[in-house]
Amino acid sequence: MILPFLIIIPLLAAFLITLISGEKDNWAIVLSILAAISLLTLSIFSFFTTGNETFIYEMSGWKIPLTICLVQDAFSTFMLVIVNLIALTSLMFSVSYIKHYSGTWKYYALFMLMITGMNGVIATGDIFNLFVFMEIALFAAYALVAFGGKAEEYEAAFKYAIMGSISSTLILMGIGILYATTSTLTMANIAAILPTKDPRIMYWVGAIFLAGFGLKSAVMPFHAWLPDAHSSAPAPISAMLSGVLIKALGIYVIIRFFFNVLGAPQIFLTLFMILGSISIIIASYLALGQWDLKRLLAYSSISQIGFILLGLGIGTKLAILGAVFHIFNHAIFKSLLFYNSGAVEMALGTRDLRKMGNLKDAMPVTSTTSMIASLSVAGLPPFNGFFSKLIIIIAAVQASHVGYAIIAVIGSLLTLAYFMKVQRYGFRGNDKIEKPEVKISNGMKSAMIILAVLCIVSSALIIPGIREVTLDPVVSVIMNKTGYIYEVLGR
Amino acid sequence: MKQTEGMTLIVKTVTRISVWMILLYGLYIILHGHISPGGGFAGGVIIALAFLNVMLAYGRDFIKRWVNIGFLHDIESSSAALFLAIGILGMAVGGGFLANFISHGKLFHLLSAGTIPILNIVIAAKVSMGLFVVVWTLSIFHLDKGGKK
């Protein structure tokens, strides 16, 4: 059983780093990179060995209603692969990026705690345990956002902490209501007992959770904290927050709870579609007006989360496939874009698109990978973002939601527009930039190249033969809805 | 009598007596965690409060001479690692993470309940040192950045 190790390894790494590492040695880097490599290997291995099965791990040798269980199915292992892939590249990028900060070993310890939290949220089958892991990830994230120690970073972290606390309070309240109603905290048991109770409880808890986890995933009316937090953090942390944290803590839990526990009631699916399309359009317009590269990327994240939510809301098999594929794609290209912005900020000392220029000769790797990522996120073939968006749009048309399909198309066009702006002003502008004094290290370059290659290669996930072993099991877990009960409880 | 740092002589004298009682009470709560209400977290908070009591009465500088903050930090980190080690040991011996692999003993005896008292002690070390170091760090921060000198 692999799942507990995905939580134990980063936790142990975090505490070992605080114990043995200091200002002058490299133990923190060595330990965290080793941990991240083993986590990625384990998660890929568990993804390919799981297939369509579901494995349960019961803690301390107790049986299910009494213990905390970890659930290993295609969906959770799929998310684990995404989290640990981005975590590894982010660490590769971090090594030279955060050298100029003081107390870097604390950074690595917090980073490992954040991974622990996310892996825990994804692996667990117990809703209170999920809450605890969520708080671990969030507290590490608050500290990491403020890691630079400047006034605006503290402000962003404070704002993030306030919004995070409000959403956590809402979620805790929802968990309390669920526990009072069903007398259990295991999600599968809750799913089994809840339909026998007053249906109003389900709507009440659903609404609370939609607000709570909506805040975590920064869907449009709940998005206000994200542009500050994600643009103030150090670039590799922005990549983690935008690339995986909002998905592991927000989207993953929304899918798990609304599909596998509540059984996807139509009213919530309609809400997903409405919130998703609001996010797509408004966040795109807000991104269009930004001149700060990282703020633009942060707004773009909100808009892309809208696409995922729209796909979930349509709720057909094809739409879920599109949403799941877009979760993967967005993690890759958004992290890559944040690495690009970090590399540019390090070399030129600015994030303002107007102060950048033609970086083609000065920073070839950065400008090329940023081009690939921009084309992916804008949805141009043959990059991965094209296929996921296309699937979502086709699914919307097939389910006769033509209006939503048009919104998605407009959203894609707006995405293309603001990434044209990024390329036109930021990376391929008129002013030719001389070679900067600060060199981009090989670790940073290789992190960018790995993700850029994945942007192209992961398009292959849509080829039928490959799709059947990668995306289809994930979709079938989500489409199985409350079949989750039988998979977990075995009855 | 020269007033150097901290509070008045009365407070210092009372603290000198009470701090040991608070520590003893904390230890009692920790060691009886598995047979009565309380446990590692509650006892750990009480122990942290004993340290904070000394800090309030005698001032920050005295604490720095009295205990080695770096050492407390190490206790905190290593106790968390120890907790994980016990968990993994349970995995290796008893079948699940944190499985209770030591003999459970007799109900309501001090030495019973297998690994639970050990875990309580480890948690208490983590919580007490963590809480104390957090408050200590906050007080330093106040002095450096915003506090009046």
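Read-outs throughout are calculated quantities, based only on the coordinates presented, and are distinct from any laboratory measurement. Computed from a prediction, not measured in an experiment: that's the story for all the values here. Virtual Cβ from ideal backbone geometry, glycine too; neighbours counted across all protein chains shown.
For this structure, a couple of remarks:
Yes or no, residue by residue, for (1) more than 17 Å from A:Val71 (Cα to Cα); (2) among the small types (Gly, Ala, Ser):
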| position | (1), (2) |
| --- | --- |
| A:Ile433 | yes, no |
| A:Pro436 | yes, no |
| A:Gly443 | yes, yes |
| A:Ser458 | yes, yes |
| A:Glu468 | yes, no |
| A:Val474 | no, no |
| A:Gly483 | no, yes |
| A:Glu487 | no, no |
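- Filter result (closer than 21 Å to A:Gly125 by Cβ and away from chain B (no Cβ under 14 Å)) within the range A:1-47: A:Leu39, A:Leu42, A:Ser43, A:Phe45, A:Ser46, A:Phe47
- Residues of the range A:283-324 satisfying the condition of being within 17 Å of A:Ala399 (Cβ to Cβ) and not small (Gly, Ala, Ser): A:Phe307, A:Ile308, A:Leu309, A:Leu310, A:Leu312, A:Ile314, A:Thr316, A:Lys317, A:Leu318, A:Ile320, A:Leu321, A:Val324
- Top-ranked residue in the range B:92-105 [being facing chain A (nearest Cβ under 7 Å), crowded, with 17+ Cβ neighbours inside 10 Å and not polar (S, T, N, Q); ranked as farthest from A:Leu70 (Cα to Cα)]: B:Gly94
- Note on the range A:175-259: enclosed helices (runs of 4 or more DSSP H) holding 2 or more residues that are over 24 Å from the mean Cα position of the chain (by Cα) are A:187-193, A:199-217.
- Matching residues in the range B:1-54 - criterion: being farther than 22 Å from B:Thr115 by Cβ and assigned to a loop (DSSP other than H, G, I, E, B): B:Met1, B:Lys2, B:Gln3, B:Thr4, B:Glu5, B:Gly6, B:Met7, B:Thr8
- Some residue of the range A:405-414 being surrounded by 14 or more Cβ atoms within 10 Å (Cβ to Cβ), polar (S, T, N, Q) and in contact with a strand residue (DSSP E or B) (Cβ under 7 Å, 6 or more places away or on another chain): no
- Only listed residue being of a type in the set (A, V, I, L, M, F, W, C) and surrounded by fewer than 17 Cβ atoms within 10 Å (Cβ to Cβ), chosen from A:Phe15, A:Phe5, A:Phe45: A:Phe45
- Where a residue in the range B:69-96 is at positive phi and its partner, wherever it lies, is among the small types (Gly, Ala, Ser) and surrounded by fewer than 20 Cβ atoms within 10 Å (Cβ to Cβ), with Cβ under 8 Å and at least six apart: B:Gly95/A:Gly61
- Verdict on B:Phe83 being under 30 Å from A:Thr124 (Cα atoms), in contact with a helix residue (DSSP H, G or I) (Cβ under 6 Å, 6 or more places away or on another chain) and either within 14 Å of chain A (Cβ to nearest Cβ) or buried (at least 16 other Cβ atoms within 10 Å of the Cβ) (or both): yes
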